[in-house]
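Just so you know, all these numbers are worked out from the coordinates, no wet-lab data involved. Every value quoted in this text rests on a predicted model; they were computed, and no experiment measured them. Glycine gets a Cβ as well: all are built from the backbone with ideal geometry, and neighbour counts include every protein chain shown.
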Amino acid sequence: MVDKRSHARFPVTLEVTLIVAGERHLARTRDVSLGGMFVYTDVKIPLGAEVQVQLTIPALKELTTVDSVARWHDEGGLGVSFKGMRAREVWALNQLFKTAG
């Protein structure tokens, strides 16, 4: 299987809230990149669904919301791709990645 990702993934665990059609679902990340993340969740979110991901990136210390799209399912979770991030979120994620394994 060929990995088609544009961004390196980092093993980062963050508590996040997924907001889909107005419903909030708690989840936890397995890995994060500048392009998206995999989250552990039991919620069945349809592929292509709009997902808002709320999280606190340690360098920012405040709640951030990133518009995303559900892209793939795997046992135990969901992969989402980010639709876009502001420069400050990109900077904060890069700071986080420096400390990730």
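Before moving on, here are some points about what is shown:
- With the cut-off at under 11 Å, measuring from each backbone N in segment 17-39 to a point 7 Å along the Cα-to-Cβ line of D74 picks out 30-32, 37-39.
- Estimated [θ] at 222 nm from DSSP helical runs (n ≥ 4, -39500 (n - 2.57)) normalised by residues in the chain, nearest 500: -4000 deg cm²/dmol
- Charged-residue dipole, Cβ positions (Lys, Arg, Asp, Glu), segment 15-95 about Cα centre, Debye nearest 20: 200
- Couplings for segment 73-78, taken from phi via the Karplus curve 6.51 cos²θ - 1.76 cosθ + 1.60 with θ = phi - 60°, read 10, 9, 4, x, x, 9 Hz in order; Gly and Pro are left as x.
- Sequence-ordered 3J(HN,Hα) estimates for segment 39-45 from the Karplus curve with 6.51, -1.76 and 1.60 and θ = phi - 60° stand at 10, 7, 7, 8, 6, 8, 9 Hz, glycine and proline given as x.
- Look at the alpha carbon pairs under 8 Å that are at least 6 residues apart: their mean separation over the length of the chain gives a relative contact order of 25 percent.
- Residues D42 and R88, FRET efficiency given R0 of 41 Å [Cβ-Cβ distance, rounded to 0.05]: 0.80
- Table column - 3J(HN,Hα) (Hz), segment 13-24, Karplus curve with 6.51, -1.76, 1.60, x for Gly and Pro: 10, 9, 7, 9, 10, 9, 10, 10, 6, x, 9, 9
- Of T99, I19, A70, farthest towards positive along the dipole that unit charges on Lys, Arg, Asp, Glu beta carbons give the chain: T99
- Near-label residues of segment 29-46 by backbone N, under 17 Å of a point 7 Å along Cα→Cβ of A8: 31-37
- Over the chain, the hull volume per residue, using the convex hull of the C-alpha atoms, is 102 Å³.
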